[in-house]
Structure formats: C-alpha cells, structure tokens
Amino acid sequence: MSSTFKSISAGDHFSCGILTNGSAYCWGIGSTSNLGYGGTTEQDNPIAVNISAKFKSISAGTSHSCGILTNGSAYCWGTNTYGQLGYGGLNDQMSPIPVNLSSTFFSISLGVDFTCGLLTNASTYCWGRNDNAYQLGDGTATNHYYPKPVNATYPFTSLAVGVYHACGLVINGSAYCWGGGSSGQLGNGGTNTLNTPQLVNSSLLFNRISVGSTSYTTGSILINGSAYTWGNGGTGQLGNGGTNNRYSPDKVNTANTFLPLFTQGLVSNIANITYGLNVPDTWTFECLAHDLTSYSSRLNSTTITITSSSSSSSSSSSSSSSSSGGSSSVPEFSDYGLLFVLVLGISGFFVMRKKE
C-alpha cells in the first residue's frame, strides 16, 4: 500500500499500524481475531481494521490488539478467554469493541491474556487474566473482564507490560513492578509473585522502562543514559556479560549512553482537561520544581480568568513567583493538566489548576 504510516506495533506473528490519517491496518496470522477486520483469515498484506473512528495509538499483543482513539477512548479486539478485551464479557471479538471504562486513556499495553492502561489523570487500570501471576496488580487473584484500578501507592507517569508482569515509573524516578517474579523480573531482590506494585530494589533514577514481550526480563534507561536490566538472563539478554538471572537492576556492560534522555511521561492536553474552560473560571498556571523527594518551590505562576467561551475570548493574567516549601506527598493528579519532564536528575510539573 502507498499510504504513510506514523506508528507500528509488532505482536505474535502479526503486526498493526496507524496511517497518518488515523486509520488502522493489521496483517499476518489472524486466527485469533487479532487483526480486527471482521474475520480470522491470515492476511499477507495490510487490511483495514473494521472501525470508522481514527486511532492515535495501537498495540499488538499475543492474541489480541488494542488501540486508543483520537478522543481518548480505548478499543480492543481478538481473543478474550480471560476478559483481556475489557468490555465486560468473554466472547472473542473480530472487530474493535470499546473498553468498559468511561475515562480518557493516555497509553495502553498488552501482556499475555491481560491488558493495562494509563489514564490521563495518571491512574492505572488492568484487566484480563490474574489467576496465575497476579499481574493485574489489584491485590487479588481474580480475573477481571473490565478495567480494575491497580493498587499503587503513587500514580505512574509511564507503564510497561510483559508476559506475566508489569512495571511503572513514578514522578521521582523510582520504578515499581508487580506480577510473576520467578526469574527476578520484578527487581525486588527475590523471585516472589507480587499482587500489588512493589518498589524495585534500587536507588537509581529511572528514565525509561521496558518489559520483554516474550521473556521474563525487564530493562531500563537511567536519567544519565546508562542501561540496567534484571530478570531472566539465560541467553545473555541482560547484556551484563553473563547468563545468570538477576533479581535486582544490573548495569548493561557498555560505556555507551542510551537515548533519549527525556522521559516520555504523561501529558494531559489542556483542551481535554476534566473541568473544561468555563466562564468565569480562573485558572492558575505554574511550574513546580521537585527535588526527587518533595516539592521545593513554586515558580512563575500565572492566573487566567475565562471571560468568554467563544474563539475570540479575552483573558486577564498576572504573574508571580515564590519559593515556599510544599507538601512531601504526591498530589492528586486528577485535578491537574500535567506535563512531566525529568532531565539530569531534576523533575518538574507544568500544572493548570482551577482557582476555587
């Protein structure tokens, strides 16, 4: 086909991609309904996913696929033995079906028979199989046919899902993992299975995290560009010069620096903020500096009062700055439009808050 792709995701013997116009196409083995075109026949060339809506992201898994539409809703299709499609039932779906959660998704990741999604309010939900490795992270061993919140201490800024475990990064650069840990892939120093997120056994500051889609391995990039891995090392996949499993992060044996150095964190588009922009709301824009343990200062705050809902609306604004200390706890992100950046050990927020 002559169209231009903007993204692509490779699953188990099949692939899916999104064109620049938002249309989704899949190809390869389709016996598990994973291609989403309405059938189960193998497709040697890309075939359009059976939905008129446009996608902004897509993820191909082992036997199912999911995507996020431009309006932030999530759709899944394919095998549904354990409820991994998240619509509330157990029937396989040959065409996309909406995930049963009326929230806006930022990202979606697929494991084996389970799915996890990160919402724009920084909460994390998982659904599907949970009875073999507790990979849904909700503190139970119950399979769920629709999204259930992960029992996390802090909101995640990014998420990675693998075979039977998942990991997430939080605002201070630390990592948490949960699910099956038989090869040490949870990075907590042991091989136990965990039904809720637990801190990775390291004082390192993580920038990126990735989970092997077909192996029990976890990899990461630090804010200084160095790489660390942990979990199954039987075929040298940890890159540390050996083949032993590692139960805590172990440095990859190279002097090279890995890119990118910027965290691809959660972004809540101001246009999609929960509250909306209404007359006569007053919003405060500000940057919050963070010293990796607590807020250290509020910088250059600006207030804007909405005076008209039309495209030609006017606003009044004022600027101020202060350096007073803040709370030592992580805020409730559902009240914020959030852009998170982590670079050279310093993290910060751009936040948009409505003045009560």
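Would you check which residues across the stretch 8-30 are assigned to a loop (DSSP other than H, G, I, E, B) and within 24 Å of Gly212 (Cβ to Cβ) and list them? Gly11, Asp12, His13, Ile29 - these are the residues of the stretch 8-30 that are assigned to a loop (DSSP other than H, G, I, E, B) and within 24 Å of Gly212 (Cβ to Cβ). Applying the selection to the stretch 210-226, what residues are under 16 Å from Arg246 (Cα atoms) and either surrounded by 20 or more Cβ atoms within 10 Å (Cβ to Cβ) or among the aromatic types (Phe, Trp, Tyr) (or both)? Scanning the stretch 210-226 gives Val211, Tyr216, Thr217, Thr218, Gly219, Ser220.
Among residues of the stretch 39-63 that are more than 15 Å from Gly17 (Cβ to Cβ), none has a Cβ under 7 angstrom from a residue that is at pLDDT 95 or above and acidic (Asp, Glu) at a sequence gap of 6+ or on a separate chain. I'd like to check something: does the stretch 50-60 contain any residue that is of a type in the set (Val, Ile, Thr), part of a strand (DSSP E or B) and under 20 Å from Pro98 (Cα atoms)? Yes, the conditions are met somewhere in the stretch 50-60. The set of residues from the stretch 227-253 being buried (at least 17 other Cβ atoms within 10 Å of the Cβ) and either of a type in the set (D, E, K, R) or touching a helix residue (DSSP H, G or I) at 6+ places or on another chain (Cβ under 8 Å) (or both) comprises Arg246, Asp250.
Results for (1) under 15 Å from Thr196 (Cα atoms); (2) hydrophobic (A, V, I, L, M, F, W, C); (3) open to solvent by 10 Å² or more (accessible area, probe 1.4 Å), shown as yes or no for each residue.
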site: Ala74; (1), (2), (3): no, yes, no
site: Thr79; (1), (2), (3): no, no, yes
site: Pro96; (1), (2), (3): no, no, yes
site: Ile108; (1), (2), (3): no, yes, yes
site: Leu119; (1), (2), (3): no, yes, no
site: Ala133; (1), (2), (3): yes, yes, no
site: Leu136; (1), (2), (3): yes, yes, no
site: Thr157; (1), (2), (3): no, no, no
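Residues in the stretch 168-201 that are at pLDDT 90 or above and in contact with a Pro (Cβ under 8 Å, 6 or more places away or on another chain): Gly168, Val170, Tyr176, Cys177, Trp178, Gly187, Val200, Asn201.
Listed conditions (1) more than 26 Å from Tyr154 (Cα to Cα); (2) within 16 Å of the chain's Cα centre (by Cα) are all met by Ile97, apart from (2).
The values are calculated or read from the model by the stated rules, or taken from the named source; none is laboratory data. Since the model is a prediction, treat every value here as computed from it, not as a measurement. Reconstructed Cβ throughout: ideal geometry from the backbone, glycine too, with neighbour counts over all protein chains shown. Just so you know, the surface numbers come from the protein's heavy atoms only, side chains and all, with ligands and any DNA or RNA stripped out. Shrake-Rupley method; radii C 1.70, N 1.55, O 1.52, S 1.80 Å.
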